[in-house]
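The values are calculated or read from the model by the stated rules, or taken from the named source; none is laboratory data. Note that the structure is predicted; figures quoted are calculated from it, not measured. Cβ placement follows ideal geometry from the backbone for every residue including glycine, while neighbour counts extend to all protein chains displayed. The accessibility values were calculated without ligands, DNA or RNA, using every heavy atom of the protein model including side chains. Shrake-Rupley method; radii C 1.70, N 1.55, O 1.52, S 1.80 Å.
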Amino acid sequence: MHSPNYPALVLNADFQPVRIHPLSTWGFERAMRAVLSDRVTVLEEYDVEFRSANLTYRPPSVVALTRYIKVPQKVAFNRLNIFLRDEFRCLYCGERFSTKDLTFDHVIPRARGGRNSPENVVSACMPCNSRKGDKLIRPKRIPKPMDPRDMARKAHLIKKELHSDWLSYLYWSGVLEQD
């Protein structure tokens, strides 16, 4: 009866999500191991029952860690986080795109000494990226470091199905509030 269709939202001991982006979730098996070892408190459960020879249980949909863990304040430098920072817009033409139609571009090309850093990488649509090539073209917005609070405010831009049990916990933390 193990199913990946029952992820659990993982909250820290202060009831805030451990991570906003990517959202802190555990798969069914990891969540159940944590429940059985008393490392988490179950706050919400899915409306389904599983039975084994000795046990009847409902998979957790929201869990809170029993001990607070320090959350890293640095946002990972990766493709999806760059797209999220730039709100899924090409910073050269300004149009919004899906992730499959975006790439990232070095404002100062690596061939000209440009660094591989958030301050030098922007989201770009494929036509703009091809047109730019290794030329120096200034984007419409200057890229900036990825701030965890700013990224949290933009998390609603990610089109991901959120279980209804999770919504109140995410609203409490300010994740889903609109600017």
Please give the contour-minus-distance gain from Asp147 to Arg39: 0.36 nm per residue of separation, less the Cα-Cα distance, rounded to one decimal in nm.
35.9 nm
Sort largest first and round to whole Å: the equivalent ellipsoid semi-axes of the range 65-165, each the square root of five times a Cα gyration tensor eigenvalue.
28, 17, 10
Keeping all protein chains in the complex and leaving out DNA, RNA and ligands, what accessible area do you get for Leu162 with a 1.4 Å probe, in Å² to the nearest 10?
50
Computing the accessible area with a 1.4 Å probe over protein heavy atoms, can you report the carbon and sulfur percentage for the chain?
51
Which of the aspartates and glutamates could be linked to Lys132 by a straight reach, that is with a Cα gap under 13 Å, when you skip same-chain ones fewer than 8 residues away?
Asp105
Pick out which of Phe88, Phe104, Phe50 has the largest mean-square fluctuation in a Gaussian network model of the chain, springs linking Cα atoms closer than 10 Å.
Phe50
Would you give the gap between the C-alpha center of the range 114-153 and the C-alpha center of the range 1-76, rounded to a whole Å?
35
Step by step: find N for the chain, compute 2.2 N^0.38 Å, then divide the Cα radius of gyration by it. What's the final number?
1.27
So for R0 = 41 Å, FRET eff. of Arg51-Asp14 from the Cβ-Cβ r, to 0.05, ends up at 0.75
Potential extension, Leu136-Arg115 segment - 0.36 nm per residue separation minus Cα distance
6.2 nm
May I ask you to rank Lys135, Lys70, Lys154 by accessible area, largest first, using a 1.4 Å probe over the protein chains only?
Lys70, Lys135, Lys154
